Amino acid sequence: MRDNRYLLTTAEQDLRLMVRDFADKEIIPKTAALDVEKEVMNDLFRQAYEMGLTYLTLPEKYGGLGGTIFQNTLVKEELARGDAGFSGNVAVCYMASVPVKVAGTPEQMKWIADRLTSGGRGCFALTEADAGSDASSLTTRYTREGEYFVLNGRKSFITAAEDADFGIFFASHDLSLRAKGISAFLVDMKTPGISIGKHEDKMGFRTSSTNDVVLEDVKVPVANLIGAEGKGFGIAMTSLGYTRPSSGAGAIGNAQYALECAVEYAKVRKTFGKPICKNQGVSFMLADMFTRLNAARQFTWYVCKCADEGIRDGRLASAAKYFASDAGMKVCEDAVQIMGGNGYSRDYPVEKRFRDAKLYQIFEGANQIQRMIVGNDLCAEDK
């Protein structure tokens, strides 16, 4: 932890050490297998809830801990150092609360807070099979029937949907309007007409469920509309502006553990009569891995601290997201290379870290989309 204590308050360092201890003693030993029993994951989630990690950022007046985006980032990194998929299970609780923070009513905030502070979970249902990077092309529809909105459609790649107690769903009343026709809804996942579709058989993140969600004449009370009709796309993009600053933290934590494994291996693995870390080719790789991770960490911390001060710069958040996830992917790749055949074997943990790292370059906006955001913003400034 020597390189992680700088610029942290005592409270922040204590928080980080608490979560790291949880990762070392509970998460890492229990999630090493390719597939983990559901009850094991539920037990880990219960422990995270009892530590307050699943409702860390909720306002204190609603029973939350009033944590900052930066504190959430510290937690997310340490949980991902334990296991990337499990970190996602906890992080989605924050993501599902943000749209209500952005545009919801006090009654809606209390509704989700009551569930999160009693051990419940949320999900964020924007993505569809043909509406990922281009979210404005979603095809889930809604109509108004008296005191209800009725939703029909299918969402895809929704994290933790099968375990969620509530979800934030986005649907359109007129597909021809694209973004301008989309509204956001707070939905109880026990509502009749909701069913969980296929469970994605993923390369990585196997400790986190990823599901389709089917909506068939799902009746949502008018009071559960978040913001105004037609403002859902803006709510989604604003919410991502809150969550994206910390999205790279998981990639950093996952890769941090891969670096630790590579360093320890390089100290004991001998070739030509000496540990491989004494060979310049390996020591330089380790140095570059360390440097990339710390550059990504400091960039992520900076953007999160800006966000906590009310400075939400979409360009910086996108840049930090793709920089951190690219760095995490490279570090995990190099960890496998340093460990050679053992790194490629499932008997050693870096193989899993390598598989888990890839998703960070894809979700919460693929890195190509993040580059588009940054590039378009730069070009707009030149006009």
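The values are calculated or read from the model by the stated rules, or taken from the named source; none is laboratory data. Predicted, not measured: the structure shown is a model, and the values here were computed from it. Neighbour counts are summed over all protein chains in view; Cβ atoms, including those assigned to glycine, are modelled from backbone coordinates with ideal geometry. Each accessible area value is taken on the protein alone, full model and side chains, heavy atoms only, with ligands, DNA and RNA left out. Shrake-Rupley method; radii C 1.70, N 1.55, O 1.52, S 1.80 Å.
So the values come out like this:
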| read-out | value |
| --- | --- |
| Condition broken by Asp134, with the remaining ones in (1) over 19 Å from Gly88 (Cα atoms); (2) touching a Gly at 6+ places or on another chain (Cβ under 6 Å); (3) not hydrophobic (A, V, I, L, M, F, W, C) satisfied | (2) |
| Candidates Ala223, Ala160, Ala164, filtered to the one that is touching a strand residue (DSSP E or B) at 6+ places or on another chain (Cβ under 8 Å) and at pLDDT 95 or above | Ala164 |
| Which numbered condition Gly232 misses (of (1) of a type outside the set (S, T, N, Q); (2) in contact with a helix residue (DSSP H, G or I) (Cβ under 8 Å, 6 or more places away or on another chain); (3) within 20 Å of Glu364 (Cα to Cα)) | (2) |
| Qualifying residue in region 202-210 (condition: within 23 Å of Ala103 (Cβ to Cβ), of a type in the set (Lys, Arg), open to solvent by less than 70 Å² (accessible area, probe 1.4 Å) and in contact (Cβ under 8 Å) with a residue 24 or more places away in the chain) | no |
| Tally of residues being part of a loop (DSSP other than H, G, I, E, B) and either in contact (Cβ under 8 Å) with a residue 40 or more places away in the chain or out of contact with any helix residue (DSSP H, G or I) (no Cβ under 8 Å at 6 or more places or on another chain) (or both) across region 133-178 | 10 |
| Positions within region 33-55 being open to solvent by less than 40 Å² (accessible area, probe 1.4 Å) and either under 14 Å from Met18 (Cα atoms) or among the acidic types (Asp, Glu) (or both), in sequence order | Ala48, Gly52, Leu53 |
| Tyr257 vs. criteria hydroxyl-bearing (Ser, Thr, Tyr), closer than 29 Å to Asn72 by Cα and open to solvent by 60 Å² or more (accessible area, probe 1.4 Å) | no |
| Residues of region 66-104 classified as surrounded by fewer than 24 Cβ atoms within 10 Å (Cβ to Cβ), touching a residue at least 60 places away in the same chain (Cβ under 8 Å) and not in a helix (DSSP H, G or I), total | 2 |
| Test for Ile252: is it open to solvent by less than 30 Å² (accessible area, probe 1.4 Å) and at pLDDT below 95 | no |
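Yes or no, residue by residue, for (1) within 29 Å of Asp201 (Cβ to Cβ); (2) outside any helix (DSSP H, G or I); (3) without any contact (Cβ under 8 Å) to a residue 12 or more places away in the chain:
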| position | (1), (2), (3) |
| --- | --- |
| Met41 | yes, no, no |
| Thr57 | no, yes, no |
| Lys61 | no, no, yes |
| Gly64 | no, yes, no |
| Met109 | no, no, no |
